[in-house]
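The structure appears right after this line, and notes come after that.
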């Protein structure tokens with residue numbers, strides 16, 4: 001079995017997408033900051049640094065959705081150096097003073113395996129009016145604005161299906177026949193390949 005990340009350098013029709021957002025003002029209104037319809041690819045991970053422990057970032061890639069909200073993750077105990085697969089963790093939790101909403105809060109999501117997806121890609125940000133904590137307590141947020149100092153989302157996108165799958169078929173056939181991909185002629189080879197990351 002092979003992993004797509006091991007053969008990706010030999011393939012065509014893809015690119016690495018890094019969406020970077022710096023010093024973004026966030027309010028109570030949910031706002032879409034990045035979106036793309038009908039993508040295919042692999043979600044590699046993301047991280048966020050913000051000024052309020054109740055800032056909510058939702059990352060939706062295909063059928064997968066991830067919520068980054070520092071206080072909720074901190075209360076769940078999802079804090080570094082703990083490593084959870086496909087779950088975000090708090091890497092920095094520094095309140096300005098005890099029980100303060102403000103400070104510096106960082107979250108990282110680094111799946112051990114790339115997460116394949118097909119569908120829409122949407123990133124939304126918000127500083128909600130209230131947040132329900134894991135113990136069932138509801139907290140009413142007193143701040144009306146916050147700052148996301150940095151938000152980065154990493155993914156590999158398939159930009160050209162035909163080119164991608166043709167080069168993948170060529171690569172796999174070369175592996176099976178012991179040739180280099182440059183020596184392989186694709187005439188007569190079935191062009192149907194299912195990619196499993």
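Throughout, read-outs are computed from the coordinates displayed, never taken from laboratory work. The structure presented is a predicted model; accordingly, all values stated were derived computationally and were not measured. Methodologically, a virtual Cβ is constructed for each residue, glycine included, from the backbone with ideal geometry; neighbour enumeration extends over all protein chains shown.
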| query | Based on DSSP H runs of at least 4 residues, each adding -39500 (n - 2.57), what is the mean residue ellipticity at 222 nm of the chain after dividing by all its residues, to the nearest 500 deg cm²/dmol? | reply | -4000 deg cm²/dmol
| query | If you stretched the chain out fully between residue 135 and residue 12, how much longer would it get, using 0.36 nm times the residue separation minus the C-alpha to C-alpha distance? | reply | 39.5 nm
| Length-normalised contact order of the chain in % [C-alpha pairs under 8 Å, at least 6 apart] | 36 percent
| field | Between helix 161-177 and the chain: long-axis angle, C-alpha atoms, 0 to 90°, nearest 10 | value | 60 degrees
| message | Can you give me the convex hull volume of the Cα atoms of the chain, divided per residue and expressed in Å³? | response | 126 Å³
| message | Over region 65-149, what is the relative contact order in percent, taking alpha-carbon pairs closer than 8 angstrom and at least six residues apart? | response | 22 percent
| note | Per the 1/(1 + (r/R0)^6) rule, R0 = 25 Å and r from the Cβ atoms of residue 100 and residue 144, FRET efficiency to 0.05 is 0.95
| query | Nearest 0.05, what FRET efficiency do residue 25 and residue 163 give at R0 = 41 Å with Cβ-Cβ as r? | reply | 0.55
